[in-house]
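Data first, discussion second: the structure below is written as structure tokens.
Laboratory data are not the source of any read-out in this text; all were calculated from the coordinates shown. The structure displayed is predicted, hence computed values, not measured ones. Positions of Cβ are backbone-derived with ideal geometry, glycine not excepted, and every protein chain shown enters the neighbour counts.
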Amino acid sequence: MACWRRFRSPIKIVIFNAMSLGLYIHIPFCHSRCPYCDFAFVVGQTHLAKRYTNAVIVELQHRMQSARSAFNTLYFGGGTPSAIPPRQLARILARVKNAVSPDAEITAEVNPNDHAHFEKLREHGINRLSLGIQAFVDRTLKALGRFHTASEATAACHAARTAGFENISIDLMFGAPGQTCEEWDTSLQRAIDLCPEHISVYGLTIEPHTNFARRLQKGQLDLPIETDQAAMYLRAIDQLESAGYAQYEISNFARPGFASRHNRKYWRDRAYLGVGMGAHSYLDNRRFWNTHDLMAYIQRVEAGGEACDRAETLTPTQRAIERVMLGLRQRRGLRANFSRHPKIRKHYLAMAKRDLIEQIDDRIRLTRRGLLLADWVCAELVRDL
């Protein structure tokens, strides 16, 4: 608590150049444990929200002494930021307000069941909501371990509009246990009917050490076959683009002017500062990240202002690999000159011959078929670097 009292005035940054950073703030608290999630989160610990917020503010003060630039995007991720009282997020915003651009995109991930918080979040300065809906079909929601219903998801979207949000994103997930293509079509169409500015579609990934991973190992998880999962993804592209949503990244679609400014920093190899339990940062070609243990994070920040767990400086080869892999996630692709690299050229030609990658004007990008094998294609292209 003493650390919180030490920094009562708003944080100020001297801006030495025109570069703007993204600021990511991790809020790890969740109401429940989703069976597919392997993010840094805790359940049943919301009584620590105030102390955790204090620690985040202290770490911000410590980190921002060297981050001499303004933030033009701020993203509260999780976990579930809406699981704690909005006033805790407001305290963080108050401490960085002098370092945040007036036109900054300020996003908070929220759970549909927390719709009572939406109005306060908007009042506190958050101008973009990312709704973790996942599906508009009750059977799919139950299979994913979600605790809201399809009707509650719809009500949450309406509540966000009523609260004054003009930039709303909806997350949907395909490939859920027992999910059919028809059920996926229903979720897509209901999302489109609600007219959000942004829609993200993610294929279910079975991560190690999750409940789904254990069930799969025991033969207790009825997943759609690969051809159905591929069909779901392609149907999403077709339906969303027909409805006016441009695909700007493998999993992300937006109406004109509403692509996620913050997430684009990751895909375009831009610098960002991450604060909070498990948060990652990327500054001056150096990547570092905090401990994933909640109490260790709090205690280490209270004692010394930071809780960095590991750090690495990227080699030129690592940077080249990341730029290729991140660049190809974007539908605009990469500049064509990358394909002339002697260690990439033969793999590029092989991928092009198989209709997995294509050149349009002066840029290279994944084809429609290549999108289905994106991870493999990217890994093949850079395997000799």
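Whole-Hz Karplus values for the stretch 300-307 come out as 5, 5, 4, 7, x, x, 8, 9 Hz, taken residue by residue from phi with 6.51 cos²θ - 1.76 cosθ + 1.60 and θ = phi - 60°; glycine and proline positions read x. The stretch 131-156 and the stretch 343-376 have their alpha-carbon centroids 36 Å apart.
Computed over the stretch 56-128, the P(r) curve from all C-alpha pair distances, binned at 10 Å from the origin, holds 19, 53, 25, 3 percent per bin. Phi angles of the stretch 240-257 translate, via the Karplus equation with coefficients 6.51, -1.76, 1.60 and θ = phi - 60°, into HN-Hα couplings of 5, 5, 5, 8, x, 9, 7, 7, 10, 8, 3, 10, 10, 9, 8, 6, x, x Hz per residue; Gly and Pro are given as x. A straight line joining the Cα centroids of the stretch 175-236 and the stretch 318-337 runs 26 Å.
For K120, the lysines whose Cα falls under 20 Å of its own Cα, not counting residues fewer than eight places away in the same chain, are K50, K97.
More than 15 angstrom separation, counting every C-alpha pair in the stretch 282-339; what % is that? Across the stretch 282-339, Cα pairs with separations above 15 Å total 63 percent. Shown in residue order for the stretch 333-348 are the 3J(HN,Hα) couplings computed by the Karplus curve 6.51 cos²θ - 1.76 cosθ + 1.60 at θ = phi - 60°: x, 10, 5, 5, 5, 5, 6, 8, 4, x, 8, 10, 3, 5, 6, 4 Hz (x for Gly and Pro). Modelled spin-label separation between A116 and D138, with each label point placed 7 Å from Cα along the Cα-to-Cβ direction: 2.3 nm. Quarter the surface of the alpha carbon convex hull of the stretch 198-296 and you get the mean projected area, 9.2 square nanometres. Suppose we look only past 28 Å in the calculated P(r) of the stretch 133-291. What percent of the Cα-Cα pairs does that tail hold? More than 28 Å apart: 31 percent of the Cα pairs in the stretch 133-291. The order of the peptides 365-374, 97-106 by mean Cβ neighbours within 10 Å, most packed first, is 365-374, 97-106. Taking only the Cα atoms of the stretch 2-267, the radius of gyration and Dmax are 19.2, 58 Å.
Of all beta bridges that DSSP places with both ends in the chain, some 40 percent have antiparallel geometry. Peptides 119-131, 297-309, 216-228 ranked from most to least packed by the mean count of surrounding Cβ atoms within 10 Å: 119-131, 297-309, 216-228.
With viscosity set to 1.002 mPa s at 20 °C, what whole-number translational diffusion coefficient in µm²/s follows for the stretch 316-381 from Stokes-Einstein and a Kirkwood radius over Cα pairs? Rounded, D is 186 µm²/s. In the stretch 316-381, Cα pairs under 8 Å separated by at least six residues give a relative contact order of 34 percent.
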